[in-house]
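Take a look at the structure below.
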Amino acid sequence: MGHQTASRAVATTDLVVGGMTCAACVRRVEKKLGALEGVRATVNLATGTARVEHPADLGTDALLATVEKAGYTARLPEPPASGEEQEDEETEPGAPQRLLVTALLTVPVLVLSMVPSLQFRNWQWLCFVLAAPVAFWSAWPFHERAWRGLRHGTATMDTLVSLGVVASFGWSSYALFLGGAGDPGMRMPFTLLPTVSDAMAHVYLEAAVGVPLFVLLGRHLEARARRGTSAALRALAELGVKEVTVRDGAVERTVPAARLAVGQVFLVRPGERVATDGEVVEGTSAVDLSLVTGETRPVEVAAGSAVTGGSVNAGGLLLVRATAVGADTQLARITALVTEAQAGKARAQRLADTVAGVFVPVVLTLAVTVLGFWLGAGAEPQPAFTACVAVLVVACPCALGLATPTALMAATGRGAQLGILVKGPQALEALRQIDTVVLDKTGTLTSGHLTVTALTARSEGPGAQEVLRLAATVETGSEHPLGRALVLHAERSLAEGAVRPGALSGFTATPGNGVRGHVDGRLVEVGAPEGELPEELGAALATALEAAHTPVLVRVDGRPEAVLALGDVVRPGSYHAVDRLRRLGVHPVLATGDREEPARAVATALGIDETYSRCTPERKAELVRALRAEGKRVAVVGDGVNDAAALAGADLGIAMGTGTDVAIGAADVTLVRDDIEALADAVRLARRTLATIRGNLLWAFGYNVVTIPLAMVGLLNPMLAAAAMSLSSVLVVLSSLRLRRWQPAAAAAVARRRRRSPKAAF
């Protein structure tokens with residue numbers, strides 16, 4: 001599962017770490033691994049994994065042994081069996097059954113302890129019998145991990161829980177056997193606050209059973225919620241195809257998809273998923289890419305079209321030649337990027353982990369101090385002991401450890417569903433802070449290929465469609481990019497079979513001037529405009545030149561009949577995207593290697609004031625450095641090799657997913673969706689994610705700031721402390737889960753309109 005970078009002699013290995021229950025565990029594992037020479041480790045509590053950078057000559061056995069010496073289990077990850085749910089790493093075998101048995105034993109104890117009117121003769125001894133299995137068997141995982149940590153000189157959340165349970169049950173045992181609470185007629189009123197005894201020690205069996213019950217329930221709910229944050233990764237895994245039908249000549253056979261090789265031709269029937277990235281060799285269809293790239297509209301494909309593995313064939317039968325398999329496919333790269341992003345940490349989380357590293361020892365010190373202070377102030381042992389137990393139980397570093405990774409998992413997963421891939425938390429932080437974005441023109445704001453943008457035919461001539469048919473038929477003999485764009489436009493616009501290469505005769509091409517030939521007995525010439533033109537064609541020519549498009553004149557039998565304008569058209573989503581960026585406080589800058597005229601035309605159309613044309617890769621990189629020197633937080637969006645230097649030099653590099661591998665490799669964010677509007681969505685998602693993380697950390701810190709002092713002064717019952725402690729972690733995870741339902745602006749607006757007007761949905 002590791003990979004090695006030879007130039008640095010450094011390897012990266014992923015480990016699955018078991019037994020971690022709080023941020024203190026995370027800190028300990030990172031510290032132990034970091035003590036090895038040349039090793040850096042990032043541990044994620046939410047995923048139960050550690051990403052370790054280490055010298056290539058340091059084997060994984062040494063890493064595994066180090067984690068195990070720290071008191072945790074470790075192994076190399078194994079690919080999950082297809083279609084099977086991965087078991088949560090921190091959930092012990094039989095955890096649901098343990099929770100169920102604990103609940104059945106605990107409920108009678110809680111009811112009898114909290115409702116005095118139900119307390120019958122010797123009720124306390126029944127509670128003692130029911131509580132004993134809970135205090136020992138149900139809480140055994142906490143005791144075991146606490147003892148393991150003690151042997152390794154560390155204290156974690158399990159230490160606090162174990163001490164709280166042992167102390168509560170131990171005190172109750174003393175009260176029953178030696179303190180007078182075992183009297184057959186004993187009645188015990190329930191109060192939320194510690195009380196002074198009346199010559200009889202109270203029992204705290206409700207705390208002894210309530211603590212394990214609420215902590216087990218909290219971790220069960222937390223584990224379920226955390227599995228929800230990784231739903232996107234499981235959804236990506238499910239897009240894989242198990243078997244594929246391969247065609248060898250006239251023979252078809254079914255083989256495992258993992259054995260598919262580059263160059264092999266395979267079938268994709270209607271409704272099936274495309275097994276891997278490839279090129280259509282036969283057939284036409286519409287392909288649904290929504291689950292792979294977030295593109296909502298089906299894409300029409302035909303012979304020569306590229307298709308993406310994991311997409312769904314929504315139309316006819318396709319024959320596809322595999323162009324990439326395994327880790328080289330787009331789906332595999334998306335999965336790798338999402339996994340990589342979820343392994344990182346935001347700056348705020350690194351601070352939280354540092355605090356959590358000393359949190360448990362501080363809480364233990366506070367608990368002992370509280371006990372000593374109460375006793376020293378003349379209080380009876382019972383309230384002093386209760387306050388001490390409440391401090392132990394209420395403290396919760398779990399929420400600190402979960403605040404960032406759960407939000408990051410939910411956000412990166414949601415981003416992947418929307419066609420936005422973020423490499424890590426640092427990229428999210430940079431995305432939230434950008435105030436300037438440098439946009440490439442070709443392939444980013446525009447389609448990146450020539451197309452016919454306008455056709456103006458003489459009103460008294462044969463008509464626009466006929467002139468287009470004649471011109472396209474002549475251009476079938478040409479290899480010029482303008483000619484290919486014209487033919488492609490005609491094939492899409494006219495009836496099938498209208499453009500017939502066989503109808504062309506006497507074809508000749510004059511470099512720099514155009515082409516000519518005979519179609520259906522008529523001389524057709526397609527080339528640069530020259531000579532006197534009719535008024536309507538002259539106006540069309542002027543419009544094309546003003547828009548920096550290439551004008552083409554079509555003559556039929558020597559007479560000017562039409563002017564076509566060809567150019568690289570602005571993507572439909574670019575207008576809205578630039579406007580949304582401005583509304584978000586991001587200043588757009590256009591930088592392109594194209595000529596000044598087309599650059600200015602695109603900038604004017606989009607309302608971009610700052611434009612730089614004829615930019616070499618070096619000049620683009622210099623522009624980025626200059627903007628950063630002015631104190632601006634700069635993002636660069638591009639899709640070509642010429643953008644790679646600028647992408648790497650910016651505060652944030654953003655690559656279009658349709659671009660080159662070089663551009664994507666240099667970028668921090670990849671927009672898989674072929675839609676520049678995804679950039680504004682990415683900025684909004686980043687801001688929402690960082691706001692969620694800040695809210696989670698504020699809650700996690702604030703919870704402890706409020707509840708620990710309450711417990712210290714005796715205003716918190718140990719059982720309620722256990723419930724509050726468990727609830728804090730669950731609330732943090734649920735807060736992060738809201739990101740899974742985050743909607744881009746357009747989708748959110750539609751949802752709001754539907755909520756306001758139910759009839760609008762019909």
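The values are calculated or read from the model by the stated rules, or taken from the named source; none is laboratory data. No experiment lies behind these values; they were computed from the predicted model shown. Glycine gets a Cβ as well: all are built from the backbone with ideal geometry, and neighbour counts include every protein chain shown.
Can you go through 177, 169 and tell me which one is more than 26 Å from residue 360 (Cβ to Cβ), among the aromatic types (Phe, Trp, Tyr) and at pLDDT 75 or above?
Matching residue, one of 177, 169: 177.
Where residues in region 84-113 are among the hydroxyl-bearing types (Ser, Thr, Tyr) and more than 14 Å from residue 135 (Cα to Cα), which of them is modelled with the highest pLDDT?
Among them, the one singled out is 113.
Scan (1) of a type in the set (Gly, Ala, Ser); (2) modelled with pLDDT under 80; (3) assigned to a strand (DSSP E or B) for the single condition residue 427 breaks and write down its number.
Answer for residue 427: the failing condition is (3).
Give me the pairs: first residue in region 42-65 and touching a residue at least 60 places away in the same chain (Cβ under 8 Å), second residue assigned to a helix (DSSP H, G or I) and acidic (Asp, Glu), beta-carbon distance under 8 Å, and six or more apart or on different chains, which are they?
Filtered contacts from region 42-65: 42/30.
Tell me the residue from 126, 105, 130 that is surrounded by fewer than 16 Cβ atoms within 10 Å (Cβ to Cβ) and part of a helix (DSSP H, G or I), please.
126
Scan region 147-174 residue by residue and report those that are small (Gly, Ala, Ser), free of Cβ contacts under 8 Å to residues at least 60 places away in the same chain and surrounded by fewer than 24 Cβ atoms within 10 Å (Cβ to Cβ).
Across region 147-174, the qualifying residues are 153, 170, 173.
Scan the helices (runs of 4 or more DSSP H) fully inside region 475-593 and keep the ones with 3 or more residues being in the same structural domain as residue 635 (by TED's automatic domain parsing) and touching a helix residue (DSSP H, G or I) at 6+ places or on another chain (Cβ under 9 Å).
Result: 572-583.
State yes or no: is residue 605 free of Cβ contacts under 8 Å to residues at least 40 places away in the same chain and in contact with a Phe, Trp or Tyr (Cβ under 8 Å, 6 or more places away or on another chain)?
yes
When residue 388 is evaluated against the numbered criteria (1) crowded, with 23+ Cβ neighbours inside 10 Å; (2) in a helix (DSSP H, G or I); (3) at pLDDT below 75, which criterion, by number, is the only one it fails?
With respect to (1) crowded, with 23+ Cβ neighbours inside 10 Å; (2) in a helix (DSSP H, G or I); (3) at pLDDT below 75, residue 388 is out only on (3).
Looking at (1) closer than 19 Å to residue 529 by Cα; (2) surrounded by 19 or more Cβ atoms within 10 Å (Cβ to Cβ); (3) not polar (S, T, N, Q), which one does residue 484 not meet, given that it meets all the others?
Residue 484 satisfies all of (1) closer than 19 Å to residue 529 by Cα; (2) surrounded by 19 or more Cβ atoms within 10 Å (Cβ to Cβ); (3) not polar (S, T, N, Q) except (2).
How many residues are surrounded by 21 or more Cβ atoms within 10 Å (Cβ to Cβ) and in a helix (DSSP H, G or I) when one looks only at region 444-468?
Going through region 444-468 one residue at a time, the tally reaches 4.
Does region 581-595 include one or more residues that are at pLDDT below 85 and closer than 30 Å to residue 685 by Cα?
yes
From the list 320, 358, exactly one residue is modelled with pLDDT under 75, over 26 Å from the mean Cα position of the chain (by Cα) and not in a loop (DSSP other than H, G, I, E, B). Which is it?
None of the others qualify; the one that does is 358.
Would it be correct to say that residue 34 is out of contact with any helix residue (DSSP H, G or I) (no Cβ under 6 Å at 6 or more places or on another chain) and within 24 Å of residue 360 (Cβ to Cβ)?
Answer is yes for this residue.
Yes/no matrix, rows are residues, columns are (1) modelled with pLDDT of 80 or more; (2) over 25 Å from the mean Cα position of the chain (by Cα); (3) under 30 Å from residue 408 (Cα atoms):
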| position | (1), (2), (3) |
| --- | --- |
| 324 | yes, no, yes |
| 333 | no, no, yes |
| 374 | yes, yes, no |
| 382 | no, yes, no |
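Looking at region 482-501, I want the residues that are closer than 17 Å to residue 563 by Cα and in contact (Cβ under 8 Å) with a residue 24 or more places away in the chain and have a partner that is assigned to a helix (DSSP H, G or I) and polar (S, T, N, Q) with Cβ atoms under 9 Å, at least 6 apart or on another chain. Which pairs are those?
493/465
So which residues in region 430-443 are part of a helix (DSSP H, G or I) and either in contact with a strand residue (DSSP E or B) (Cβ under 9 Å, 6 or more places away or on another chain) or under 20 Å from residue 585 (Cβ atoms) (or both), if there are any at all?
If the condition is that a residue be part of a helix (DSSP H, G or I) and either in contact with a strand residue (DSSP E or B) (Cβ under 9 Å, 6 or more places away or on another chain) or under 20 Å from residue 585 (Cβ atoms) (or both), then 430, 431, 432, 433, 441, 443 are the ones that fit.
Residues that are under 18 Å from residue 329 (Cβ atoms) and modelled with pLDDT under 85: list the strands (runs of 3 or more DSSP E) wholly contained in region 259-311 that include at least 1 such residues.
285-288, 299-301
Would you pick out the residues in region 20-55 that are of a type outside the set (Ser, Thr, Tyr), closer than 17 Å to residue 77 by Cα and part of a loop (DSSP other than H, G, I, E, B)?
Matches in region 20-55: 20, 45, 46, 48.
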